[in-house]
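Every number here is computed from the coordinates shown, using simple stated rules; none is lab data. The model shown is predicted, which means the values in this text are computed figures rather than measured ones. Heads up, the Cβs are rebuilt from the backbone with ideal geometry, glycines too, and the neighbour counts pull from every protein chain shown.
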Ligand code: 5GP
Ligand code: ZN
């Protein structure tokens, strides 16, 4: 665990999150400033910064979890598609320096602008329960 890392603190349960999936080495939870309804982040519990410092075996396991969580999001929310985003470095828009994959649900014709909107806590809570169930 890295001391000043917000996602390590979420993985350790020190900061609350709206969890949608958890296993020994992976956690998925709703983005607090979602691009779209059901915007989910998938992280390894073990801290690495990005794609290049994460070993291949850990990455392979992580992307398999991303796939499983995306399938669950799609099934539970009935979205038509989804984007997978993974930013590396501030120049690429990375703001949290703990590797994470974004799952951004998409609906036909939604014309999404990929801008963060402050989440409504009650709606996020209900949404996390809907996806987790
Ligand atoms: P990045 O731009 O680094 O790829 O994405 C970081 C994401 O983490 C952003 O979409 C932001 O809204 C989200 N985020 C930042 N802090 C928190 C937090 O404390 N809790 C949750 N659930 N999401 C966060
Ligand atoms: Zn971390």
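Quote to one decimal, in nm, the extra length available between residue 53 and residue 83 on full extension: 0.36 nm per residue of separation minus the C-alpha distance between them.
Working: separation 30, 0.36 × 30 = 10.80 nm, distance 2.31 nm.
Taking 0.36 nm per residue and subtracting the Cα distance, the gain is 8.5 nm.
Quote to one decimal, in nm, the extra length available between residue 6 and residue 133 on full extension: 0.36 nm per residue of separation minus the C-alpha distance between them. Walk me through the numbers before you get to the answer.
Details: separation 127, 0.36 × 127 = 45.72 nm, distance 2.58 nm.
Roughly 43.1 nm would be gained on extension.
Nearest 10 degrees is fine. How inclined is helix 56-77 to the longest principal axis of the chain, computing both from alpha carbons?
In the chain, helix 56-77 runs at an angle near 20 degrees to the longest axis.
For the chain, report the convex hull volume of the alpha-carbon atoms normalised per residue, in Å³, without decimals. Let's see the in-between values first.
Numbers: hull volume 14.4 nm³, N = 133.
Spread over its residues, the Cα hull of the chain gives 108 Å³ apiece.
For a label point 7 Å from the Cα of residue 110 along Cα→C-beta, name the residues of the range 5-39 whose backbone N is under 15 Å from it.
Output list for this probe position: 30-39.
Just report the Cα centroid separation between the range 108-128 and the range 34-61, whole Å.
20
For 7, 114, what ranking results if the residue with the fewest other Cβ atoms within 10 Å of its Cβ goes first? Numbers along the way, then the final one.
Numbers: 7 23, 114 11.
Going from least to most buried by this count: 114, 7.
Please check: in the Gaussian network model of the chain (C-alpha springs, under 10 Å), which one of 58, 113, 28 has the largest mean-square fluctuation.
Between 58, 113, 28, it is 113 that shows the largest mean-square fluctuation.
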